[in-house]
Amino acid sequence: MMPQISFYNTASRKQEPFTTLHPRVANVYCCGPTVYHYAHIGNLRTYVFEDLLRRVLDYGGYAVNHIVNITDVGHLTSDADTGEDKMEKGAAREGKSVWEIADFYTQAFMKDWERLNLVAPSLWTKATDHIPEQIALVKVLEEKGYAYRVPEDGVYFDTAKFPRYADFAGLDIRGMQEGARIGVTEGKRNPADFALWKVSPKDVQRAMEWDSPWGRGFPGWHVECSAMAMKHLGPTLDIHCGGTDHIRVHHSNEIAQSEGATGVTFSRFWLHGGWLLEAPTEEGGGGKMSKSAGEFVTLDFLLKKNYGAMDYRYFCLGAHYRSYLNFSWEGLDTARDSLKSLRRKTDPLIGRATAIASENALGWQRRFLTAAYDDLGFPQALAVLNQMLKDPDLLEGEKAALVRDFDRLLGLGLAEKGEREDRSLPGPLAALLDERKDARAHKDWKRSDEIRDLLKAKGFGVKDNPDGTTSWFPL
Ligand code: AMP
Ligand code: ZN
């Protein structure tokens, strides 16, 4: 008997057995990046958690329709629908157009995605490709009486018309009203009301704006996710996920506007990943890693410091996705050492897999899946893997098969020697590897060997594969 998949559902505040609306099909929507800057490793922690979710569903035999959006318009620096547009801020910072910024950081994000071995979603959806759908949704909300206009500002959702508004996040609406006497956007009826459409200020030509029944302008950030999710996955999703920072505002708003428009449950399960926290420094600091704070750590930065992307993935796997995780270099070193020692045990097994047949092997598989299926209990699953490798009664072939099987969920590349080619070798070293490739193409074996020795001196081994590619691995 396969164990049952269950998840902690933010909506019910309980762990529940996972079920889907349509048999064996899982419709999953994950809030994606706002592409005005690089993703930091806190953002990436959330995508690693969502990747584990995706892999569990794939492994569990579901046909997964998995959407990740790219927010390339409408995300303002303040949750209160004021402040600058993040995209325009990025453009001003770099002296480029908003479209160039969106393109550049989308590409950078996709690169991080691949390096972390995240399974590609079924569909990436860009907010700017879905403007008509967003306008249509706002129109429905207006027709149903959920929306009101604020002259020269835009169209807002009236949260008082959606009595369940506070339930999802357990909001204290009365407290919000008392606290909001100062600083509430002029014209808003209730402090929690949020923009569905913002009109461009008079005499200002914005870089991104579209015609609408309410005037030229741009959509609110929240409406993007609802419109894209419902267009591609239908009115009721099986799972919606994101980081816990989205519960109070973004996801409460998505629920209000989607359910206001359709009258049915927007998502049956809501999964939220805990924050990556920065370690406090002598000057203070600490707390949630965030882009707006200015300084933040990117995956590129880790690679420059000679960590592998898989070291960071392993670091994330070591903590349960719902708990806070403190980022520290010591913690990352420990993850790197643990992964290295794991690889020392799994590398010799590569290519030796037989079938998983004995009762003993099936028992290890069941224990591993029980952990992974129990609200993505990957710290426990990793412990099961390590115990399994020590089992003297298990045949090598079965051990090898179990490693390959478990890695379908772990995604650490344990079934391949070293890391795959061009994944995360630090920049200058990657250039050396390229040069070596050229040298080999020109049969310059002397230069090829010199470069191999140079890389060796830096702690990296290279292996020339029979198919003509070259892999590298930490020594
Ligand atoms: P953003 O690009 O800011 O819209 O965020 C992308 C994703 O990263 C969202 O799901 C956020 O909830 C999540 N996120 C933001 N900061 C952190 C953090 N420090 N730790 C974990 N996830 C985060
Ligand atoms: Zn979203």
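The values are calculated or read from the model by the stated rules, or taken from the named source; none is laboratory data. Bear in mind the structure is a predicted one, so any value in this text is a computation, not a measurement. Cβ atoms come from the backbone with ideal geometry, glycine included; neighbour counts cover every protein chain shown. We work out accessible area using only protein heavy atoms, side chains counted, and drop any ligands, DNA or RNA first. Shrake-Rupley method; radii C 1.70, N 1.55, O 1.52, S 1.80 Å.
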Within segment 1-120, considering only helices (runs of 4 or more DSSP H) that don't extend past its boundaries, which have at least 2 residues that are modelled with pLDDT under 95 and out of contact with any strand residue (DSSP E or B) (no Cβ under 8 Å at 6 or more places or on another chain)? 86-94, 98-115
Yes or no: segment 234-248 includes at least one residue that is small (G, A, S), within 17 Å of E142 (Cα to Cα) and assigned by TED's automatic domain parsing to the domain that holds H130. no
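If you take just the strands (runs of 3 or more DSSP E) that sit entirely in segment 145-251, which of them hold at least 3 residues that are open to solvent by less than 10 Å² (accessible area, probe 1.4 Å) and more than 16 Å from ligand 1 (Cβ to nearest atom)? If you could, list the steps in order and put the result at the bottom.
Working: elements: 147-150, 154-157, 194-199, 217-219, 237-243.
Output list reads 154-157, 194-199.
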Let me spell it out: the conditions are (1) out of contact with any strand residue (DSSP E or B) (no Cβ under 9 Å at 6 or more places or on another chain); (2) closer than 16 Å to I70 by Cα, and P235 meets all of them except one. Which number is the exception? (2)
Residue hits (segment 342-400; over 20 Å from Y314 (Cα atoms) and aliphatic (A, V, I, L, M)) are A353, A355, I356, A357, A361, L362, L394, L395
F296 passes all but one of the listed conditions (1) modelled with pLDDT under 95; (2) within 13 Å of ligand 2 (Cβ to nearest atom); (3) hydrophobic (A, V, I, L, M, F, W, C); the exception is number (2)
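Which members of segment 290-322 meet the condition of being small (G, A, S) and out of contact with any helix residue (DSSP H, G or I) (no Cβ under 9 Å at 6 or more places or on another chain)? Quick ask: steps written out before the conclusion?
Keep residues of segment 290-322 that are small (G, A, S), which gives 290, 292-294, 308-309, 318-319.
Selection gives A293, G294.
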When you go through (1) open to solvent by less than 20 Å² (accessible area, probe 1.4 Å); (2) within 16 Å of ligand 1 (Cβ to nearest atom); (3) more than 19 Å from the chain's Cα centre (by Cα) one by one for G274, which number turns out not to apply? (3)
Residue check, G363 surrounded by fewer than 15 Cβ atoms within 10 Å (Cβ to Cβ), on the phi > 0 side of the Ramachandran plot and not in a strand (DSSP E or B): no
Here is a list of conditions, (1) under 21 Å from L137 (Cα atoms); (2) away from ligand 1 (no atom under 16 Å from the Cβ); (3) in contact with a Lys or Arg (Cβ under 9 Å, 6 or more places away or on another chain), and N306 meets all of them except one; can you say which number that is? (1)
For the structure I just gave you, tell me whether A63 is of a type in the set (A, V, I, L, M, F, W, C), under 20 Å from D129 (Cα atoms) and either assigned by TED's automatic domain parsing to the domain that holds D238 or more than 15 Å from ligand 2 (Cβ to nearest atom) (or both). no
Working only within segment 296-322, note down all residues that are surrounded by fewer than 23 Cβ atoms within 10 Å (Cβ to Cβ) and outside any helix (DSSP H, G or I). F296, V297, T298, K305, N306, Y307, G318, A319, H320, R322
Only listed residue being away from ligand 2 (no atom under 16 Å from the Cβ) and not assigned by TED's automatic domain parsing to the domain that holds N43, chosen from R268, R313: R313
Only unsatisfied item for M230, checking (1) at pLDDT 95 or above; (2) more than 13 Å from ligand 2 (Cβ to nearest atom); (3) hydrophobic (A, V, I, L, M, F, W, C); (4) within 19 Å of K126 (Cα to Cα), is (2)
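Does L349 satisfy being outside the structural domain of Y59 (by TED's automatic domain parsing) and in contact (Cβ under 8 Å) with a residue 24 or more places away in the chain?
On the way: outside the structural domain of Y59 (by TED's automatic domain parsing): yes; in contact (Cβ under 8 Å) with a residue 24 or more places away in the chain: yes.
When the stated conditions are applied, L349 passes them.
Only one residue in A120, A136 is over 22 Å from the mean Cα position of the chain (by Cα), within 25 Å of I67 (Cβ to Cβ) and surrounded by fewer than 18 Cβ atoms within 10 Å (Cβ to Cβ), so which one is that? Talk me through it step by step, then tell me what you get.
On the way: A120 fails: over 22 Å from the mean Cα position of the chain (by Cα).
None of the others qualify; the one that does is A136.
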Which condition breaks for L382 when tested against (1) out of contact with any strand residue (DSSP E or B) (no Cβ under 7 Å at 6 or more places or on another chain); (2) surrounded by fewer than 19 Cβ atoms within 10 Å (Cβ to Cβ)? (2)
Lone qualifier among D172, D167, D193 - being under 28 Å from R13 (Cα atoms), more than 16 Å from ligand 2 (Cβ to nearest atom), in the same structural domain as E142 (by TED's automatic domain parsing) and touching a Ser or Thr at 6+ places or on another chain (Cβ under 6 Å): D193
Given (1) under 24 Å from V140 (Cα atoms); (2) within 14 Å of ligand 1 (Cβ to nearest atom); (3) polar (S, T, N, Q), number of the condition T262 does not satisfy: (2)
The one condition A335 fails out of (1) more than 30 Å from L237 (Cβ to Cβ); (2) surrounded by fewer than 19 Cβ atoms within 10 Å (Cβ to Cβ) is (2)
